[in-house]
1. Which condition breaks for Arg299 when tested against (1) open to solvent by less than 70 Å² (accessible area, probe 1.4 Å); (2) under 30 Å from Leu219 (Cβ atoms); (3) at pLDDT 95 or above?
2. Do you know which residues across the range 1-40 are β-branched (Val, Ile, Thr) and in contact (Cβ under 8 Å) with a residue 60 or more places away in the chain?
3. Give me a count of the residues in the range 430-458 that are touching a residue at least 40 places away in the same chain (Cβ under 8 Å), small (Gly, Ala, Ser) and open to solvent by less than 40 Å² (accessible area, probe 1.4 Å).
4. Given the criterion part of a helix (DSSP H, G or I) and touching a strand residue (DSSP E or B) at 6+ places or on another chain (Cβ under 9 Å), identify the matching residue among Ser120, Ser77, Ser131.
5. Looking at (1) touching an Asp or Glu at 6+ places or on another chain (Cβ under 6 Å); (2) assigned to a strand (DSSP E or B), can you tell me which one Leu400 breaks?
6. Quick check on the range 89-131: of everything there that is closer than 17 Å to Phe171 by Cα and exposed (fewer than 14 other Cβ atoms within 10 Å of the Cβ), which residue is farthest from the chain's Cα centre (by Cα)?
7. Restricting to the range 351-372, and then to whatever is small (Gly, Ala, Ser) and surrounded by 23 or more Cβ atoms within 10 Å (Cβ to Cβ), can you tell me which residue is farthest from the ligand (Cβ to nearest atom)?
8. Within the range 373-383, identify whether any single residue is closer than 22 Å to Pro332 by Cβ, open to solvent by less than 10 Å² (accessible area, probe 1.4 Å), within 16 Å of the ligand (Cβ to nearest atom) and of a type outside the set (Val, Ile, Thr), and answer yes or no.
Amino acid sequence: MKKKAAVAFVSAEAAPFSQTGGLGDVVPALAEAFVNEGVSVTVFLPFYRKNAGLKTARLPISFCVDESITSEKTLFSALNRNGVEYIFVKSPGIFTDGEYGDCNGAYADNCCRFSLFCRSVAGYLIECGRSFDIIHCHDWQTGLLPALLKRHRFSAKTVFTIHNLAYQGEFDDNFIAYTGLRKDDFAVENHCSVNFMRAALKAADKITTVSPTYAREILESGNGCGMEDLLRSRGDCFCGILNGIDVSEWNPESDSFIPYSYSLSDFSGKSQNKAFFMEENGLKNPQRPLFVMISRLARQKGIEALYGENGAVERLLTQFDLNLAVIGTGDPETEQKIKDLSERYENFSGTVAFSSRLSHLAEAAGDFFLMPSLYEPCGLNQLYSLRYGTIPLVTATGGLADTVCTDTDLSVRTGIRIPGNSADDIVAAVADALRLYADGPAAVDAVRRNGMSRDFSWRASCIEYLNFYNS
Ligand code: GLC
């Protein structure tokens, strides 16, 4: 790619402006990594009501996208953060408080909301007179854009990244009029519902997902959420590129959320963080190993095996001498279960919240991190865990398989394998972890050190993206 290439990212989330999960971490971190490689990056985001306090500069462009969605004109405004330009798409009647929903579930008008988002960005790109080399769209909310740009014979190439194929943005085909596209932009064989993801997988020039193993898995029959044929038909235009992490934000040597900093050469601060976290969360007995879990409470994350009938969590709390701390939000039944367990077990602490401070602190405090995902496109928490010397227990799927070495040879081992998706499998893996813990500090520290020495910074992934753009 020539010097100072210009890339536009399009996403429904980017921290600190909006975030529900990993997507919100990845978009700004990858954008900043590109900037460090000499690429200029503009990120397009919806302007949600919670962004009202931001100081942005109004851009001299506005238009009404579609009266049938809203008679409100879309406005655009911009700010710069860490070398990245953010352009917000403003339509206050449409982009209300939450990204996709509230405590009553997904918003009923998500098809209209994200149609408006994609059509507004398309309108901006076509009208604004700026040139971009690549339009890089992230996840289903941006899925109409490659197809809209193709319809307008827009010159820039489009790339679409799948962060999670299970969420596709599928709506009744009565909504087609709102999308600005035609039926054949969505249709494959007999499906003719509006499906944002499918439109992107058909129209984007290139497709990526967030780890090589997930890329292979979703091509297998029965594993691609109905998209395996379409993905297979894209051949070499589809590949998996592993996510990195923001190694300056996630750095136990300088993390402002943790009271005791530590490093690969001296991790004595880790046990002090453990004591601090335990005290704050009402846990006793610091000799016990501390297991932590931070996740969306969703099926993908193994909540059935953990909290369902005869679930692993209760068995762990009663059968083993350990402490377990859980942080997360999501499925309301699971949230309730976590609150109940907190009342009943002195060795369990459950926090139903999405909190950066607590996540950083738990990563610094934990001995082990439990991540029994059914599938995992990449996963970020196992990477944060490795960096913080918190040994991850993971299933061998997607990005977990690509980033955690569960070989039992202590010279290479960075984690522990959960052999399957059942409660028994989770219990067996925890028993393995306890055996390692009982082997003593030398064994545990060797595994910690291996993990902490791995490099998961964005640079390598960023170069791979740039090569793929150019291939
Ligand atoms: C989604 C995936 C997760 C991935 C993240 C960022 O949240 O579930 O595995 O790490 O996107 O790409």
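1. (1)
2. Here is the first cut: in the range 1-40, the ones β-branched (Val, Ile, Thr) are 7, 10, 20, 26-27, 35, 39.
Residues satisfying the conditions are Val7, Val10, Thr20, Val26, Val27, Val39.
3. 4
4. On the way: Ser77 fails: part of a helix (DSSP H, G or I); Ser131 fails: part of a helix (DSSP H, G or I).
That would be Ser120, the only listed residue that is part of a helix (DSSP H, G or I) and touching a strand residue (DSSP E or B) at 6+ places or on another chain (Cβ under 9 Å).
5. (2)
6. Ala108
7. The first filter runs over the range 351-372 and keeps only residues small (Gly, Ala, Ser), leaving 353, 355-356, 359, 362, 364-366.
Those left that are additionally surrounded by 23 or more Cβ atoms within 10 Å (Cβ to Cβ): 362, 364-366.
Details: Ala362: 18, Ala364: 20, Ala365: 22, Gly366: 19 Å.
Looking at residues that are small (Gly, Ala, Ser) and surrounded by 23 or more Cβ atoms within 10 Å (Cβ to Cβ), I get Ala365.
8. Taking every residue of the range 373-383 in turn, at least one turns out to be closer than 22 Å to Pro332 by Cβ, open to solvent by less than 10 Å² (accessible area, probe 1.4 Å), within 16 Å of the ligand (Cβ to nearest atom) and of a type outside the set (Val, Ile, Thr).
The values are calculated or read from the model by the stated rules, or taken from the named source; none is laboratory data. On a predicted model such as this, the values are computed, not experimentally measured, just so you know. Positions of Cβ are backbone-derived with ideal geometry, glycine not excepted, and every protein chain shown enters the neighbour counts. Note: areas computed on protein heavy atoms with side chains; ligands, DNA, RNA excluded. Shrake-Rupley method; radii C 1.70, N 1.55, O 1.52, S 1.80 Å.
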